[in-house]
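The values are calculated or read from the model by the stated rules, or taken from the named source; none is laboratory data. In this text the structure is predicted, and so the values were computed from the model without any measurement. Neighbour counts run over all protein chains shown; Cβ positions are idealised from the backbone, glycine included.
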């Protein structure tokens, strides 16, 4: 009797300490809180903090292998994100400060999608990365110009072209709301996202509005017990 490989998995990345661009005081704490909430909800969770580009790529490669036949994959990133030449990028702690080709010095969202899209399953990505641009050559990470494969749900911490706040408390507004939803009763991802949006809009006085792209092919659920239910539906034994 083996352990099912269909249990949901999660990769959580929090980059708050950067070598050449402004630090983000809450990014690491955001990632730690989200990782803990996912783990408690039954996700097989990996957390990395203050990672450089190579470490992020390694984590994604390991995720692809570890996911196996997982029914759902969640990726959460808190840190600097940017858009360049129509492509979205997640910035590692070693990104140079000015005029760089992000295709060489950051991790593209295309790479993230390739790491999680090799099998038919629910792919959920939370990007608490729509920060103020770190240099004049980089636009804020947005959404309308980006394209994602079928079966994917991508949530941005803020509306297109707007910055996501690092927060005045211990967590960013988006991470705080996301943790609350994951820790709460199981619900559809759409309902959870609407609740997150309401919380963030209220806490930022309407200055930050979380935004999402939904290309899912079937209803996804998140929250306490969602992972357990998925494992039960798939069957807990092998052979």
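Things worth noting here:
- Condition met for residue 113 (more than 19 Å from residue 219 (Cβ to Cβ) and modelled with pLDDT under 90): no
- Exactly one residue among 106, 67, 82 is modelled with pLDDT under 90, within 22 Å of residue 28 (Cα to Cα) and buried (at least 22 other Cβ atoms within 10 Å of the Cβ), and that residue is 82.
- Checking the stated criteria, residue 57 turns out to be farther than 19 Å from residue 180 by Cβ and under 15 Å from the mean Cα position of the chain (by Cα).
The rows are residues; the columns are (1) farther than 26 Å from residue 10 by Cβ; (2) in contact with a helix residue (DSSP H, G or I) (Cβ under 7 Å, 6 or more places away or on another chain).
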position	(1), (2)
71	no, yes
75	no, yes
79	no, yes
84	yes, yes
94	no, yes
101	yes, no
108	no, no
111	no, yes
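- Residue check for residue 88: in contact with a helix residue (DSSP H, G or I) (Cβ under 7 Å, 6 or more places away or on another chain), in contact (Cβ under 8 Å) with a residue 12 or more places away in the chain, part of a loop (DSSP other than H, G, I, E, B) and crowded, with 17+ Cβ neighbours inside 10 Å: no
- Exactly one residue out of 5, 32, 72 is surrounded by fewer than 19 Cβ atoms within 10 Å (Cβ to Cβ) and at pLDDT below 95, and it is 5.
- Taking region 122-239 as the region of interest, the helices (runs of 4 or more DSSP H) fully inside it that hold 3 or more residues being within 20 Å of residue 45 (Cβ to Cβ) and modelled with pLDDT under 95 are 226-234.
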